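Peer 1: Dropping a structure here in structure tokens format, bear with me for questions.
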Amino acid sequence: MKNKTNWAVTVPIALGSLLILFPLYLAIAVALKSPEELANSILGLPKEFHLENFMRAIEMTNFFQAFQNSAFVTVIAVVFTILTNSMVAYAIARNMDKTFFKSLYYYLISAMFIPFPLIMLPIVKETSALGMNNLFGLSVLYIVYGLSLNIFIYVGYIRSIPRELEEAAIVDGASAWGVFWKVIFPLLSPMNATVGILTCLWAWNDFMLPLIILNDPEMATLPLKQYIFQGQFSTDYNTAFASYLLALSPLVIVYLFAQKWVISGVTKGAIK
Amino acid sequence: MSKRNTAFYLMTIPAVLLFFAFHTFPAIQGVYYSLTNWNGFSPTYEFVGFKNYVNIFKDENVLNAYIFTFKYAVLTTILVNALSLIIALGLNAKIKFRNFFRAVYFLPNILSILIVGFIFNYIFGHVIPDVAEKMGIEFLKSNILGNENLAWIGIVIVAVWQSVAFNTILYLAGLQTIPSDLYEAASLDGATKWKEFWTITFPLIAPFFTINMVLAMKNNMNVFDHVVAMTGGGPGRATESIAVLIYQGGFTGGEFAYQSANAVIFLFIIVVLTFIQLKFLQKREMEM
């Protein structure tokens, strides 16, 4: 009796999903049309594919460079966030009985309550004084700012790992570093995936930090690039939408193939 | 054994120093500058005590930004949580193509808010007026983002469209922790679906509800990308959020110190708000 499909729920869920898909359909349709076609029909399917819109968008915004910038920042942020934040969390999780580590834990977590606007103005002065108003500096900020949430995610998980696993390695003469890299880090794989996905989504899509930190347009990441070109796109919606789609597509393509993995990764981070 | 302890300190200290340098230190600097009259670029500045704070309370633009930010954050938080919960219940039911729909509803979470804002900008500016024209719906013929009284609703719509994705997944995770035999017992007792929701489902996912409401409210108070993408704070100052005001005043308006004071006040408001929410919602959790 319980295995019958519930159509009374399936239908509204399907209709609701159209609301999610509509803006994306629209973006694809506009990006493929010619200006004349768009003027005739905003909502209709494109009659032929005007791929030259994409060519123009690539040339105009220097897409491949922006892509490279975004990829550089995201890869550095993800790799070093996983390597460093997990290690900090390990040291904290195994020493929660010591005042130093315990206060560290609460210090990092309570920093989540500080609204970014308070930091926004001084951090711009600081990064430019240190010569960090570039892609490298931006990556460092993602790694450092991620600590608050990531420590929270990792510590909860590490405390559920039985200490016996480490003790065996310690008896064999492994140092704290050895125990972490050889025993703990491999066990953290599910959390590393979660933290990696969250960091990737953040660094790739973030607009505010690139906006305030980067002052050389050559360094602009993909979202920042769309913002910079907003004025030049003006009423050329076809090129603008082609450019938006190009900027959105890398993550969407990854998502199409790995959606199960992405959703479960995000879920695990959220319910910690 | 002490070698192990040294290793633990070495694992944490560099990270903490960096965190202090790039997070806590600028926050302290913000508090410090809020007591000066620095414009952000001149070589000298003076201490002015609490003058900036006094002026903030008399500033109509600041009040205006708080009003917009509050009404935006409250409405978005309520709508997002209500809709996410409904969608999560739907996705948790025995529906066809469940995994496909789950993937669709989560999709907005992986998209850049700025670009989503640009797309909706076009929808409000061209698609809706175009359709309204053809169907003769008078009040939708003009761009709501150009209307001082309605522009904020447009921003709420985009925010809801985007953040329902993440919250739905959270609620879905919560729903899956509820053992199914509870429902079986309830249906044997002849409970209606409505009653089942209020007596079993909602109390059991209450902790998820609390955390979702608190996080969503805090995130929504910091709204920035949506506003920049859709209205730039306009028309006039109708949709200028606190983050946008601090950004614009602080960087281009020569109000570095003044907006720092605004940011300090903002910090207090966020902390108080979070505290009240936690108290209130946790009390409800207990009562259920």
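The values are calculated or read from the model by the stated rules, or taken from the named source; none is laboratory data. From a predicted model like this one, the values you see are computed outputs, not experimental measurements. So basically every Cβ, Gly included, is an ideal-geometry build from the backbone, and we count neighbours across all protein chains shown.
Peer 1: Restricting attention to the stretch B:227-250, does a residue exist that is at the interface with another protein chain (Cβ under 9 Å from one of its Cβ atoms), aliphatic (A, V, I, L, M), more than 30 Å from B:Tyr53 (Cβ to Cβ) and surrounded by fewer than 19 Cβ atoms within 10 Å (Cβ to Cβ)?
Peer 2: No, the conditions are met nowhere in the stretch B:227-250.
Peer 1: Right, next: Take the residues of the stretch A:95-105 that are in a helix (DSSP H, G or I) and within 9 Å of chain B (Cβ to nearest Cβ): which is surrounded by the fewest Cβ atoms within 10 Å (Cβ to Cβ)?
Peer 2: Among residues in the stretch A:95-105 that are in a helix (DSSP H, G or I) and within 9 Å of chain B (Cβ to nearest Cβ), the one surrounded by the fewest Cβ atoms within 10 Å (Cβ to Cβ) is A:Phe100.
Peer 1: Select, from A:Ile42, A:Ile92, A:Ile28, the only residue that is within 11 Å of chain B (Cβ to nearest Cβ), farther than 17 Å from B:Ala21 by Cα and not in a helix (DSSP H, G or I). First the steps, then the outcome.
Peer 2: Working: A:Ile92 fails: not in a helix (DSSP H, G or I); A:Ile28 fails: not in a helix (DSSP H, G or I).
When all the criteria are applied, what remains is A:Ile42.
Peer 1: Inspect all residues belonging to the stretch B:58-74 and state whether any of them is away from chain A (no Cβ under 12 Å), part of a loop (DSSP other than H, G, I, E, B), more than 17 Å from the chain's Cα centre (by Cα) and β-branched (Val, Ile, Thr).
Peer 2: No: zero hits.
Peer 1: For the condition assigned to a helix (DSSP H, G or I) and touching an Asp or Glu at 6+ places or on another chain (Cβ under 6 Å), what is the one hit in B:Leu89, B:Leu79, B:Leu114?
Peer 2: Working: B:Leu89 fails: touching an Asp or Glu at 6+ places or on another chain (Cβ under 6 Å); B:Leu79 fails: touching an Asp or Glu at 6+ places or on another chain (Cβ under 6 Å).
After ruling out the rest, the residue left standing is B:Leu114.
Peer 1: While we're here: In this structure, is B:Phe224 under 18 Å from A:Trp202 (Cα atoms) and either within 15 Å of the chain's Cα centre (by Cα) or of a type in the set (Phe, Trp, Tyr) (or both)?
Peer 2: Considered against the rule, which asks whether it is under 18 Å from A:Trp202 (Cα atoms) and either within 15 Å of the chain's Cα centre (by Cα) or of a type in the set (Phe, Trp, Tyr) (or both), B:Phe224 comes out as yes.
Peer 1: Within the stretch A:64-83, identify whether any single residue is over 16 Å from the mean Cα position of the chain (by Cα), in the same structural domain as A:Thr235 (by TED's automatic domain parsing), under 22 Å from A:Ser189 (Cα atoms) and part of a helix (DSSP H, G or I), and answer yes or no.
Peer 2: Yes; the residues of the stretch A:64-83 include at least one that is over 16 Å from the mean Cα position of the chain (by Cα), in the same structural domain as A:Thr235 (by TED's automatic domain parsing), under 22 Å from A:Ser189 (Cα atoms) and part of a helix (DSSP H, G or I).
Peer 1: Quick one: which residue in A:Asn205, A:Asn150 is without any contact (Cβ under 8 Å) to a residue 60 or more places away in the chain and buried (at least 20 other Cβ atoms within 10 Å of the Cβ)?
Peer 2: That would be A:Asn205, the only listed residue that is without any contact (Cβ under 8 Å) to a residue 60 or more places away in the chain and buried (at least 20 other Cβ atoms within 10 Å of the Cβ).
Peer 1: If I filter the stretch A:45-63 down to residues being surrounded by fewer than 23 Cβ atoms within 10 Å (Cβ to Cβ) and assigned to a helix (DSSP H, G or I), which single residue comes out as nearest to the chain's Cα centre (by Cα)?
Peer 2: A:Phe63
Peer 1: Given the structure, is B:Gly90 in contact (Cβ under 8 Å) with a residue 24 or more places away in the chain, at the interface with chain A (Cβ under 8 Å from one of its Cβ atoms) and either over 22 Å from the mean Cα position of the chain (by Cα) or on the phi > 0 side of the Ramachandran plot (or both)?
Peer 2: Spelling it out, it is not the case that B:Gly90 is in contact (Cβ under 8 Å) with a residue 24 or more places away in the chain, at the interface with chain A (Cβ under 8 Å from one of its Cβ atoms) and either over 22 Å from the mean Cα position of the chain (by Cα) or on the phi > 0 side of the Ramachandran plot (or both).
Peer 1: Checking the conditions here, which among A:Met120, A:Met112 is part of a helix (DSSP H, G or I), surrounded by fewer than 19 Cβ atoms within 10 Å (Cβ to Cβ), in the same structural domain as A:Gly196 (by TED's automatic domain parsing) and in contact (Cβ under 8 Å) with a residue 24 or more places away in the chain? Give the derivation first.
Peer 2: Details: A:Met120 fails: surrounded by fewer than 19 Cβ atoms within 10 Å (Cβ to Cβ).
Testing whether each residue is part of a helix (DSSP H, G or I), surrounded by fewer than 19 Cβ atoms within 10 Å (Cβ to Cβ), in the same structural domain as A:Gly196 (by TED's automatic domain parsing) and in contact (Cβ under 8 Å) with a residue 24 or more places away in the chain leaves just A:Met112.
Peer 1: Here are some residues: A:Ile212, A:Ile253. Which one is within 12 Å of chain B (Cβ to nearest Cβ) and over 16 Å from the mean Cα position of the chain (by Cα)?
Peer 2: It is A:Ile212.
Peer 1: I've got another one for you. So if I check each of B:Leu188, B:Leu204, which one is over 30 Å from B:Phe275 (Cβ atoms) and more than 11 Å from chain A (Cβ to nearest Cβ)? Show your work before the answer.
Peer 2: Values: B:Leu204 fails: over 30 Å from B:Phe275 (Cβ atoms).
One residue alone meets the criteria, B:Leu188.
Peer 1: Restricting attention to the stretch B:125-161, and to residues there that are at pLDDT 90 or above and within 12 Å of chain A (Cβ to nearest Cβ), which single residue is surrounded by the most Cβ atoms within 10 Å (Cβ to Cβ)?
Peer 2: Restricting to residues being at pLDDT 90 or above and within 12 Å of chain A (Cβ to nearest Cβ), the top hit is B:Val158.
Peer 1: Show me the helices (runs of 4 or more DSSP H) found entirely inside the stretch B:177-255 where at least 1 residues are without any contact (Cβ under 8 Å) to a residue 40 or more places away in the chain and of a type in the set (A, V, I, L, M).
Peer 2: Counting at least 1 such residues, we get B:180-188, B:206-221, B:242-251.
Peer 1: For the stretch B:184-239, name all the residues that are more than 28 Å from B:Val272 (Cβ to Cβ), modelled with pLDDT of 85 or more and in contact with a Phe, Trp or Tyr (Cβ under 7 Å, 6 or more places away or on another chain).
Peer 2: Once the filter is applied, which keeps residues that are more than 28 Å from B:Val272 (Cβ to Cβ), modelled with pLDDT of 85 or more and in contact with a Phe, Trp or Tyr (Cβ under 7 Å, 6 or more places away or on another chain), the stretch B:184-239 yields B:Ala229, B:Met230.
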